[in-house]
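**Q** Before anything else, here's the structure in question.
The values are calculated or read from the model by the stated rules, or taken from the named source; none is laboratory data. These numbers come from a predicted model, not from an experiment. Glycine gets a Cβ as well: all are built from the backbone with ideal geometry, and neighbour counts include every protein chain shown.
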Amino acid sequence: MKIEEIKTIVKLMSEHDLTEFKIEAEEYNLCIRRGGNAPAQIVTQVAPAAVPAVAAMPAPAAAAQTPAAPAAAEAAAPVETIDSPLVGTFYRASSPEAQPFVKVGDKVTPDTVVGIIEAMKVMNEIKAEKSGVIKEIVVENGQPVEYGEALFVIG
């Protein structure tokens with residue numbers, strides 16, 4: 001299955017508010033799940049190879065509430081981000097010598113190109129898909145990224 005097909009499936013799931021999609025073929029199994037505010041999970045399995053299950057990390061013990069709780073609640077407020085639409089290597093500019101597509105303080109619109117993700121030797125332009133001002137750049141140039149990982153914080 002090609003990355004473009006997976007991206008189309010994820011987009012359709014979002015548009016139609018689907019929480020799970022499964023497809024099974026001889027050479028692969030694909031299961032995509034999404035729910036609530038959590039990013040979508042993509043699980044693939046090649047038929048001949050068994051993928052070992054990963055044990056869940058135990059949740060850290062909850063910290064005791066202190067009088068500084070309003071500051072903690074403010075920090076826990078939802079943050080608007082531009083997320084990675086696929087797995088690959090993130091680049092901030094079109095070449096090593098070029099200027100980055102966006103910098104902190106730049107205004108973006110849904111059609112603004114904010115970076116490139118290389119996936120399977122294909123360079124994919126990443127658009128903001130949201131309007132706002134870049135507040136923080138979360139990932140470094142040349143860093144591997146996962147699907148749904150925050151790339152930029154916008155406000």
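**Q** Checking the structure you have, find out if any residue of the stretch 128-144 is at pLDDT below 95, over 18 Å from the mean Cα position of the chain (by Cα), assigned to a loop (DSSP other than H, G, I, E, B) and under 27 Å from Ile32 (Cα atoms).
**A** no
**Q** Something else about it: Go through the stretch 5-61 and give me each residue that's over 18 Å from Glu146 (Cβ atoms), among the hydrophobic types (A, V, I, L, M, F, W, C), surrounded by 11 or more Cβ atoms within 10 Å (Cβ to Cβ) and at pLDDT 55 or above.
**A** The answer is Leu12, Leu18, Phe21, Ile23.
**Q** Right, something else. Of all residues in the stretch 75-115, which are in a strand (DSSP E or B) and either crowded, with 19+ Cβ neighbours inside 10 Å or of a type outside the set (A, V, I, L, M, F, W, C) (or both)?
**A** Thr81, Ile82, Asp83, Gly88, Thr89, Phe90, Tyr91, Lys107, Val108, Val114, Gly115, listed by residue number.
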